[in-house]
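Each value in this text was obtained by applying a stated rule to the coordinates, not by laboratory testing. Computed from a predicted structure; not experimentally measured. For neighbour counting, all protein chains shown are included, and Cβ atoms are generated from backbone atoms with ideal geometry for every residue, glycine included.
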Amino acid sequence: MAQSSHPNFISRRRLLQGTALVSAILLTPLAASTEASASAAAEQYVSSVGKSILSVASGSKGQMSSQFRSLMARHAAISAIGIFSLGKYKSKLPNGQRSAYFSLIEKFVAGLFIKYAPQFAGNRIEITGSKARSAKDIIVSSKVHFASGKAPLDVQWRLLKAGGGYKIFDVRVLGIWLAIQQRTEFVSVIKRNNGDVGALLKFLRGGG
Amino acid sequence: MGAGLIDTAGIHKNAIASTTTFVSRLLAALCIAVLVTSVVAPQPAYAEDDRRIIILPAGSDEVDAGDDYEESGLRDPFEGVNRVMFAVNDAVDQVVLRPVALVYRTVLPRPLRKGLANFLANASTPVTLANDILQGDMKRAETTVVRFFLNSVAGFGGLHDVAGEAGWERHTEDFGQTLAVYGVPSGPYIVAPLLGPATPRHLVGRAVDILANPWTWILADVSLIESLSPTMAETISARDEAIEALDATREGSPDYYVTIKSLYHQNRESEINNGAIIEDDLPDIPDVR
């Protein structure tokens with residue numbers, strides 16, 4: 001009985017394999033083409049924003065904060081970053097405080113950018129590849145080159161596809177994802193204050 | 001006969017003394033070596049196309065995703081003691097290491113400091129090469145060998161990184177990374193006196209690297225200060241390069257202990273993966289409207 005059903009099983013399996021193969025052959029070029037075009041657009045976006053960031057980083061320090069905040073307002077997925085940074089305490093942020101919190105994050109990140117800018121102020125950004133984690137989640141890899149001859153710096157950009165364009169959700173420098181790093185620190189502040197998100201807001205306002 | 005007995009005892013005594021000296025040197029070298037990885041900012045990681053698969057045992061404390069990601073970083077069951085040790089190490093860094101690095105920066109011009117850093121990096125080739133091979137990564141082993149010969153010959157003994165300029169980028173490997181690739185879990189986060197942030201796996205790896213490094217044995221018979229000179233030079237050189245980054249980190253951090261722990265963990269994971277991004281480990285982007 002088992003022997004008589006075996007050939008049928010094989011033929012059904014072969015039929016399924018054949019169908020899958022034909023489907024793969026027919027659909028792969030289309031999928032590859034769509035992914036390639038999405039990646040090309042994402043790469044172009046990072047190339048353009050990266051140039052602007054390098055320009056701000058090597059510009060005058062007096063204007064750096066306002067220029068960088070302007071870039072953030074246009075290109076950072078600030079709501080997603082803000083909520084992400086609260087980790088498991090995200091539900092504890094009162095709705096009435098959301099916009100103030102997002103604004104404080106912009107100020108906080110701009111402050112960090114000014115501190116680190118001299119070390120990352122390269123003169124050229126080279127896009128080295130990209131990969132879609134999902135349709136809305138794309139990672140673009142780049143190298144920042146320095147006029148001083150310093151070894152190039154690998155920087156990865158995690159993009160969130162929103163509407164017709166992209167927003168930057170996270171940046172990886174020296175192997176460190178900055179939003180993940182920020183989340184660890186923010187959660188630590190809230191945790192050490194018995195889950196009080198107000199303590200984080202106080203820190204971000206400069207009163208921590 | 002009696003003389004023979006006396007000689008034998010003398011030989012034993014010398015052997016014990018020698019071993020004790022060596023062990024004390026090893027420990028001292030270990031202390032300083034790990035201090036480099038703990039106090040100094042993360043080292044560059046180099047992205048590569050190849051993605052290494054790391055099989056972690058069930059219940060591993062290293063990888064997770066989703067909303068609880070921050071809870072599943074490096075397990076820290078000894079946080080209370082670790083924070084005390086961290087404060088001590090930080091004080092030593094601020095009182096001794098950072099000022100020494102500043103003096104070093106003031107005394108030596110940048111090209112000389114860069115040359116010394118290149119020389120020390122070139123001298124660490126045996127450790128990197130051994131671990132490249134142990135991890136079965138012959139492509140990176142080839143890069144390590146080419147870099148060593150190019151920099152030793154055309155780069156004046158390693159003072160100039162001509163290989164890097166020609167596109168052979170530097171990478172580092174250590175036995176702690178090799179253990180991780182073999183699937184050995186890191187163990188909990190620990191901050192040991194002077195050793196700084198580490199894990200048991202990292203510390204064991206450091207000890208093995210020191211024992212396997214030919215320089216340890218070449219310098220075994222010289223005075224303690226001479227045998228530790230390369231390690232001290234490496235520490236000061238690395239601390240010099242990290243002055244601005246660490247100052248900025250300290251100023252901007254709401255909790256310096258947590259910041260350094262997270263930086264250490266992320267950087268170490270990146271090193272183990274040779275800079276490659278493990279996409280499945282990334283937390284999802286929240287859907288915010």
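Worth pointing out:
- On the basis of the beta-carbon distance and an R0 of 35 Å, B:ALA87 and A:ARG124 show a calculated FRET efficiency of 0.25.
- In Å, descending, principal axis extents of the Cα set of segment B:147-203: 43, 28, 14
- Label-point separation, B:VAL100 to B:TYR182 (7 Å along Cα→Cβ), nm: 3.2
- Three semi-axes describe the equivalent ellipsoid of segment B:188-283; taken as square roots of 5 times the Cα gyration tensor eigenvalues and ordered largest first, they are 29, 19, 13 Å.
- The Stokes-Einstein estimate for segment B:231-286, based on a Kirkwood radius over Cα pairs and taken at 4 °C with 1.567 mPa s viscosity, is a diffusion coefficient of 96 µm²/s.
- Shielding value for A:122-131 is 1, the average number of Cβ atoms from other chains within 10 Å of each residue's Cβ.
- Zone residues, segment A:168-189, relative to A:GLN44, backbone N less than 18 Å from point 7 Å out along Cα-to-Cβ: A:168
- Efficiency of FRET from Cβ geometry, A:LYS202 and A:ARG133, R₀ 30 Å, rounded to 0.05: 0.30
- Legend: residue pairs A:LYS92/A:LYS136; A:LYS61/A:LYS107; A:LYS51/A:LYS143, Cα-Cα distance threshold 20 Å; pairs beyond threshold, A:LYS92/A:LYS136.
- Projected label points at A:SER66 and B:LEU224, each 7 Å from Cα along the beta carbon direction, are separated by 5.9 nanometres.
- Calculated FRET value between A:ASN95 and B:VAL204, using beta carbons and R₀ = 45 Å, to 0.05: 0.35
- Kirkwood radius, segment A:43-205, all distinct C-alpha pairs, inverse of mean reciprocal distance: 16.6 Å.
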